[in-house]
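Read the structure below first, then the notes.
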Amino acid sequence: MKPRRILIFSFAYYPRFVGGAEVAVKEITDRISPSEIEFDMVTIGDGRGVREEKIGNVTVHRVFKGMSFLPKLFFPFAAYFKSKKLHKKDRYDATWSIMANRAGFAALFFKWMHPEVPFILTLQEGDPLDYPTKRGWMVAPIFKYIFRKADRITALSRFLADWAKQMGAICPVTIVPNAVDYGFFSKPVPVAEVSALKEKLGKKPGDVFLITTSRLVVKNAVGDIIEALQYLPSNVKLLILGQGPEEEDLRVKATDPKFGDRVTFVGFVDHLGMPPYLAVSDIFTRPSLSEGFGASFVEAMAAGIPVITTPVGGIPDFLIDGETGLFCDVGNPRSIAQKVEKLLKDPESRTYIVSTAKKMVETKYQWGTVVEQMKKVLKS
C-alpha cells in the first residue's frame, strides 16, 4: 500500500532552532515508519546555507538563508511558493502546520489554493495568545482563518483547545499533549558523573540548587527566580540553562550584591546533556507568565525533581498543587521562595510529590502513547 505523504510547515527546526515544538515533531516523525507516512517540511534557513537535507524521517526544505527580520516577515509567502512547487511534484495527502503563527499563514495560503488537501493544525503555542492582534488590525482577521480553514486541530492542552474554539474553529479539536523520553530522563545518572558536575559547578555539602531550563524570554520570568533568592538562605543557589534575548539583562540583575554569587548561567544544553544537570539539582522552577504545555516541567518530574511553577495556560493539565508539584503566584518572587522553603522543610511532602509526579509521567506522557494519538490524526 502506498504511504501517505504529508507536508509540514514549521517556522523553525533542527539542528539550530530547537524548542518543545521542534522536539515533538522529531519524536513523532521518527517513530512513524516511512512505509506508513512520508514527511516533507518547509522551514526557514538557519545560516548554514543548506537548502535541502534529511533529518530523521523528514526531508527538510529551507527558504531564505537565515532568521533575520525580512525572512521572518516574508516566511509565510516564501514557504507557500515552495510548497506549491513541491506539491506539483509530490501531490501531498495532507498538510500539517506546527503552531498557528508564520507556519499557520503558509498553510492557510496553501489551503486557499488547494482546498481539496486536508489541513491539520497543531497548537504548540507557549507565548501569550494575544500576539496576533498586537501585530496590527489587518493581521487578526486573517489569522482567525487559520483556525476556521483547518480540517483537524490538535492542541497540547485544554487551554489551547479552548483557544482554538474561541478563534472560530469548527473542525474536530483533539488534545494531544507533548511527552518525554521517560526511560532517558528517569534513568539514574552515574555517581561519578554527578560528582564531577557538582565539583565543576561548585556545589558544596548543604547547598541547594534550584534549576530552570528554558528560553531566556520575558514570558518564562527567570528574573523572578533570581529575585526570590533574596528571601532564601545563602545556601540556596540557581542554575540557569538556556539562552535568549533576556540573557544580558538577567546577567546584570544577577550581579546585584543582594543575590551574592548565587546564580550560574550554564548556557544552552541539549536534551542529551540535560539529565546530569537535573541530577545535581534539588528543585525545578519556572514561574511562567504564559505556557501552552511545558515539556521541561514533565522532564524534571521524570527525573525525580519537584516542580514549582504558576497555574497558567496548559500547566494545570499535569500539575495538581500539592500532588504533582507546587503552584506559586504569578509575578511574585516571595511566593516562589515560600514554596522552596516548604519543600526544604517538609521532606514527606516533597517525597510524595516526586513519587506522584513520576508515576503520572510514566502513565500519561510517554512518546509511544502520544505518537499513536497523533498517527490516528495524520492518517484519518
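Is it fair to say Thr369 is of a type in the set (Ser, Thr, Tyr), within 30 Å of Arg152 (Cα to Cα) and either in contact with a strand residue (DSSP E or B) (Cβ under 8 Å, 6 or more places away or on another chain) or in a helix (DSSP H, G or I) (or both)?
On the way: of a type in the set (Ser, Thr, Tyr): yes; within 30 Å of Arg152 (Cα to Cα): yes; either in contact with a strand residue (DSSP E or B) (Cβ under 8 Å, 6 or more places away or on another chain) or in a helix (DSSP H, G or I) (or both): yes.
Yes, satisfied.
Which residue out of Ser234, Ser214 is farther than 22 Å from Met274 by Cβ and of a type in the set (Gly, Ala, Ser)? Even if it seems obvious, please write down each step before you answer.
Numbers: Ser214 fails: farther than 22 Å from Met274 by Cβ.
None of the other options fit; the residue is Ser234.
For the structure I just gave you, tell me whether Val23 is outside any loop (DSSP other than H, G, I, E, B), closer than 21 Å to Gln124 by Cα, at pLDDT below 95 and of a type in the set (Val, Ile, Thr). First the steps, then the outcome.
Working: outside any loop (DSSP other than H, G, I, E, B): yes; closer than 21 Å to Gln124 by Cα: yes; at pLDDT below 95: yes; of a type in the set (Val, Ile, Thr): yes.
Judged against the criteria, Val23 is a match.
Return the residue satisfying two criteria in turn: it lies in segment 324-380 and is crowded, with 21+ Cβ neighbours inside 10 Å and hydroxyl-bearing (Ser, Thr, Tyr), and of such residues it is nearest to Leu238 (Cα to Cα).
Thr324
Identify, by number, the condition in (1) buried (at least 16 other Cβ atoms within 10 Å of the Cβ); (2) touching a Gly at 6+ places or on another chain (Cβ under 7 Å) that Val208 doesn't meet.
Single failed check for Val208: (2).
So which of Leu160, Leu86, Leu70 ends up being over 24 Å from the mean Cα position of the chain (by Cα), in a helix (DSSP H, G or I) and under 30 Å from Lys219 (Cα atoms)?
Values: Leu160 fails: over 24 Å from the mean Cα position of the chain (by Cα); Leu86 fails: under 30 Å from Lys219 (Cα atoms).
Leu70 is the lone residue from the list that is over 24 Å from the mean Cα position of the chain (by Cα), in a helix (DSSP H, G or I) and under 30 Å from Lys219 (Cα atoms).
Looking only at segment 145-154, filter to residues that are in a helix (DSSP H, G or I) and touching a Phe, Trp or Tyr at 6+ places or on another chain (Cβ under 8 Å); which one of those is surrounded by the fewest Cβ atoms within 10 Å (Cβ to Cβ)? Even if it seems obvious, please write down each step before you answer.
Within segment 145-154, the subset in a helix (DSSP H, G or I) is 145-149.
Then drop every residue that is not touching a Phe, Trp or Tyr at 6+ places or on another chain (Cβ under 8 Å), which leaves 146, 149.
Numbers: Ile146: 27, Lys149: 20.
This residue is Lys149.
How many residues does segment 111-128 contain that are touching a residue at least 60 places away in the same chain (Cβ under 8 Å) and of a type in the set (A, V, I, L, M, F, W, C)?
Of the residues in segment 111-128, 2 are touching a residue at least 60 places away in the same chain (Cβ under 8 Å) and of a type in the set (A, V, I, L, M, F, W, C).
Could you pull out every one of the strands (runs of 3 or more DSSP E) wholly within segment 246-329 that has 2 or more residues that are out of contact with any Lys or Arg (no Cβ under 6 Å at 6 or more places or on another chain) and of a type outside the set (D, E, K, R)? Break it down stepwise before answering.
Values: elements: 263-267, 283-286, 307-309.
In segment 246-329, the matching strands (runs of 3 or more DSSP E) lie at 263-267, 283-286.
Suppose we keep only residues that are outside any strand (DSSP E or B), without any contact (Cβ under 8 Å) to a residue 60 or more places away in the chain and touching a Phe, Trp or Tyr at 6+ places or on another chain (Cβ under 7 Å) within segment 26-62. Which one would you say is farthest from Trp96 (Cα to Cα)?
So the first thing to find is which residues in segment 26-62 are outside any strand (DSSP E or B), and the list is 26-36, 45-51, 56-57.
Filter again for without any contact (Cβ under 8 Å) to a residue 60 or more places away in the chain, leaving 26, 29-30, 33-35, 45-51, 56-57.
Still in the list and also touching a Phe, Trp or Tyr at 6+ places or on another chain (Cβ under 7 Å): 26, 29, 45-46, 57.
Numbers: Lys26: 13, Thr29: 12, Gly45: 19, Asp46: 21, Asn57: 15 Å.
So, considering only residues that are outside any strand (DSSP E or B), without any contact (Cβ under 8 Å) to a residue 60 or more places away in the chain and touching a Phe, Trp or Tyr at 6+ places or on another chain (Cβ under 7 Å), the one farthest from Trp96 (Cα to Cα) is Asp46.
Mind checking which pairs have a first residue in segment 298-309 that is closer than 10 Å to Val361 by Cα and not assigned by TED's automatic domain parsing to the domain that holds Ser288 and a second that is modelled with pLDDT under 95 and surrounded by 24 or more Cβ atoms within 10 Å (Cβ to Cβ), Cβ under 9 Å, 6 or more apart or different chains?
none
Yes/no matrix, rows are residues, columns are (1) over 20 Å from Gly292 (Cα atoms); (2) out of contact with any strand residue (DSSP E or B) (no Cβ under 9 Å at 6 or more places or on another chain); (3) buried (at least 17 other Cβ atoms within 10 Å of the Cβ); (4) at pLDDT 95 or above:
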{"position": "Leu108", "(1), (2), (3), (4)": "yes, no, yes, yes"}
{"position": "Pro115", "(1), (2), (3), (4)": "yes, yes, no, yes"}
{"position": "Pro128", "(1), (2), (3), (4)": "no, yes, no, no"}
{"position": "Thr133", "(1), (2), (3), (4)": "no, yes, no, no"}
{"position": "Gly136", "(1), (2), (3), (4)": "yes, yes, no, no"}
{"position": "Ile142", "(1), (2), (3), (4)": "yes, yes, no, no"}
{"position": "Leu156", "(1), (2), (3), (4)": "no, no, yes, no"}
{"position": "Met167", "(1), (2), (3), (4)": "no, yes, yes, no"}
{"position": "Asn178", "(1), (2), (3), (4)": "no, yes, yes, no"}
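To keep it simple, each residue is scored yes or no on (1) at pLDDT below 95; (2) within 17 Å of Lys198 (Cβ to Cβ).
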residue	(1), (2)
Arg286	no, no
Phe293	yes, no
Gly304	no, yes
Gly314	yes, no
Asp317	yes, no
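So if I check each of Val280, Val354, Val330, Val340, which one is more than 15 Å from the chain's Cα centre (by Cα), modelled with pLDDT of 95 or more and under 23 Å from Glu125 (Cβ atoms)?
Values: Val280 fails: under 23 Å from Glu125 (Cβ atoms); Val354 fails: under 23 Å from Glu125 (Cβ atoms); Val340 fails: under 23 Å from Glu125 (Cβ atoms).
Result: Val330 is the single residue among Val280, Val354, Val330, Val340 that is more than 15 Å from the chain's Cα centre (by Cα), modelled with pLDDT of 95 or more and under 23 Å from Glu125 (Cβ atoms).
Do you know which of the residues in segment 1-20 that are in contact with a strand residue (DSSP E or B) (Cβ under 9 Å, 6 or more places away or on another chain) and assigned to a loop (DSSP other than H, G, I, E, B) is modelled with the highest pLDDT? Step through it out loud before you land on a result.
Quick first cut of segment 1-20, residues in contact with a strand residue (DSSP E or B) (Cβ under 9 Å, 6 or more places away or on another chain) only: 3-15, 17.
Cutting the leftovers down to assigned to a loop (DSSP other than H, G, I, E, B) gives us 3, 10-15, 17.
Values: Pro3: 93, Ser10: 97, Phe11: 94, Ala12: 91, Tyr13: 93, Tyr14: 91, Pro15: 88, Phe17: 77.
Ranking the qualifying residues of segment 1-20, first place goes to Ser10.
The values are calculated or read from the model by the stated rules, or taken from the named source; none is laboratory data. Treat the numbers as computed from the prediction; the structure is a model and nothing was measured. Neighbour counts run over all protein chains shown; Cβ positions are idealised from the backbone, glycine included.
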